[in-house]
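Everything below concerns the one structure shown next.
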Amino acid sequence: MPSPVEEAAFTDTELDIADELGVQLVRFMRLLTKAKSQVAKLGPDGIERAAYAILFQLIHDGPQRTSKLAEALHAEISTISRQSSSLVQHGLVERLADPEDGRACLLAPTTEGMRVFEENRRQRNRWLAEVLAEWPEDERRVLNKLLDRLNTGIEHHAPQLADQVSARSKGDDA
C-alpha cells in the first residue's frame, strides 16, 4: 500500500522549495560538523564529545538500559557500551539495578554528570547567543518555532521514509 507521501502530488514550486531547504540543511550540517571539529575531540573533562549524547539522553529521558540508548541514539550497542563505560569511569553516569529485571542494569546520570552537562549546555547557549546576537528577538523566536515544527515533521515522517527505502531495496533484490 503506498504511503500518503507517495500518493501526494507536489507542485514544481513545492519541490523547488524543498530542494532549497535540502541545500540549506546540508550546508547547516556541514557547518555544525566544522564547528564540532574545531572544538577539541575530548571535552574539558576528558570525555569523548560523542558520549555527551548519552548523558543528554539520560538527563532528558531518565535512566535507561544500554539497548534503549542505542536505539534512541541510532548507534550500535557496543559503541554505547564503550562510551557509557567512560562516563561511568569519570563519575558522570552510574549503573543501577533494573527494578524490572534484576539481572540487567540501568544507566543514570550522577550529580556530577548533571553538573558537567549543565556546564556544556551553558557553553553551547553562549555560542548560539553569539551567533544570533544581531537577530531581532522575534526572529530568534520564529526560528525556534520553525525548527521545532521541522523536527516534529521529520520525526513523524522518518519511519515512512525508512519504509519506502526498505521497500525499494527489496524490490531491487527481487
- Can you work out which of the residues in segment 70-95 that are closer than 17 Å to residue 117 by Cβ and of a type in the set (S, T, N, Q) is most open to solvent (accessible area, probe 1.4 Å)? 89
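Each row is one residue, and each column tells you yes or no for (1) modelled with pLDDT of 95 or more; (2) exposed (fewer than 10 other Cβ atoms within 10 Å of the Cβ); (3) in a helix (DSSP H, G or I).
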position: 105; (1), (2), (3): no, no, no
position: 122; (1), (2), (3): no, no, yes
position: 128; (1), (2), (3): no, no, yes
position: 149; (1), (2), (3): yes, no, yes
position: 158; (1), (2), (3): no, no, yes
position: 170; (1), (2), (3): no, yes, yes
- Task: Exactly one condition in (1) at pLDDT below 85; (2) assigned by the TED database to the domain that holds residue 131 is not met by residue 84; state its number.
- Result: (1)
- Within the set of pairs 6+ apart or on separate chains, which have a first residue in segment 129-140 that is at negative phi and free of Cβ contacts under 8 Å to residues at least 40 places away in the same chain, a second that is hydrophobic (A, V, I, L, M, F, W, C) and not in a helix (DSSP H, G or I), and C-beta atoms under 7 Å apart? 140/132
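The values are calculated or read from the model by the stated rules, or taken from the named source; none is laboratory data. Fair warning: this is a prediction, and the values are worked out from it, not measured in the lab. Positions of Cβ are generated from backbone atoms using ideal geometry, with glycine treated the same way; all protein chains shown enter the neighbour counts. Ligands, DNA and RNA are excluded from the accessible area calculation, which covers all protein heavy atoms including side chains. Shrake-Rupley method; radii C 1.70, N 1.55, O 1.52, S 1.80 Å.
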